[in-house]
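A.B. asks: Take this structure, written in structure tokens, and hold onto it; I'll ask about it next.
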Amino acid sequence: MAAIDWGSVPTWFSAIGTTGSLIATLTIVLRDRRKDEREDAACLAIWVAPEEETDDRRPVLRLHNAAGRPVFDVTLHCGAFGRDYETGELVVVMSRESLAAVVRAGGELKLPSRAGMDYVTFRDAHQVAWRYDLENKTLTREPDRLLIKTCRSTQSWVKRQRTRIVRAWRRRRSDGGEAAPEEAS
């Protein structure tokens, strides 16, 4: 019988262990980073204070930034029902109102509430977009618009390439040949 050469097995185990520890380290670092980002965003308290009223008897929308850093682009999103002029159907009309460009650390805003207030969006010091739902009182991270735009442009590039290949294949079939389509570049 021939002897088995185990010379590279310890090296393989070492490489697998190193890769596993690297993946675990990256996972922990990313989790801690998300936790830190959420802590800053969670320090922005947003509520409607019905006990405080403005001159026209509307409750006050209050924002208090208890974080150590400012927040940016605070925007109120409102939804209201309306009728479509052409069809007469009932539709939801969304509107946005910029509340503040910057709310400094420790700063506070008091604004009269609006009808149909839905949610507030803002960016933290890391430029991460957040959404606070006023009805459910939940804080969620908004998707990154640049990433969405990149994904959409990649999808359209793939569709263009697929269309190009299918057209070339159909052209060759209509010419009588069964040749494979040309390579996409």
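All of the numbers you see were taken from the coordinates with simple rules; none came from a lab. No experiment lies behind these values; they were computed from the predicted model shown. Glycine also receives a Cβ, built like all others from the backbone with ideal geometry; neighbour counts cover every protein chain displayed.
A.B. asks: I'd like the FRET efficiency for residue 58 and residue 91, computed as 1/(1 + (r/R0)^6) with the beta carbon distance as r and R0 of 30 Å, rounded to 0.05. Don't skip to the end; give the middle numbers.
C.D. replies: Values: r = 25 Å, r/R0 = 0.82.
So the FRET efficiency works out to roughly 0.75.
A.B. asks: Only sites in a loop by DSSP and with at most 15 other Cβ atoms within 10 Å count here; which chymotrypsin sites (Phe, Trp or Tyr not before Pro) in segment 58-135 make the cut? Don't skip to the end; give the middle numbers.
C.D. replies: On the way: sites: 72, 81, 85, 119, 122, 130, 132; in loops: 85.
The qualifying sites are 85.
A.B. asks: First measure r as the distance between the Cβ atoms of residue 9 and residue 128, then evaluate 1/(1 + (r/R0)^6) with R0 = 35 Å and state the FRET efficiency to the nearest 0.05.
C.D. replies: Numbers: r = 45 Å, r/R0 = 1.29.
The calculated FRET efficiency here is 0.20.
A.B. asks: Here's another thing I want to ask about it. Relative contact order for segment 27-85 using alpha-carbon pairs under 8 Å, separation at least 6, rounded to a whole percent? Intermediate values should be presented prior to the final figure.
C.D. replies: Values: 42 pairs, mean separation 15.7, N = 59.
Reported relative contact order: 27 percent.
A.B. asks: Suppose we look only past 25 Å in the calculated P(r) of segment 21-127. What percent of the Cα-Cα pairs does that tail hold?
C.D. replies: The answer is 40 percent, as a whole percent.
A.B. asks: Using modelled amide H (1.01 Å from N, peptide plane; none on Pro or chain starts), what sits under 5 Å from the amide H of residue 67, excluding residues fewer than 5 places away?
C.D. replies: Here 106 satisfy the definition.
A.B. asks: Right, here's the next one. How much length is gained if the chain between residue 29 and residue 72 is pulled fully straight, taking 0.36 nm per residue apart and subtracting their Cα-Cα distance, in nm to one decimal?
C.D. replies: Length gained between residue 29 and residue 72: 12.9 nm.
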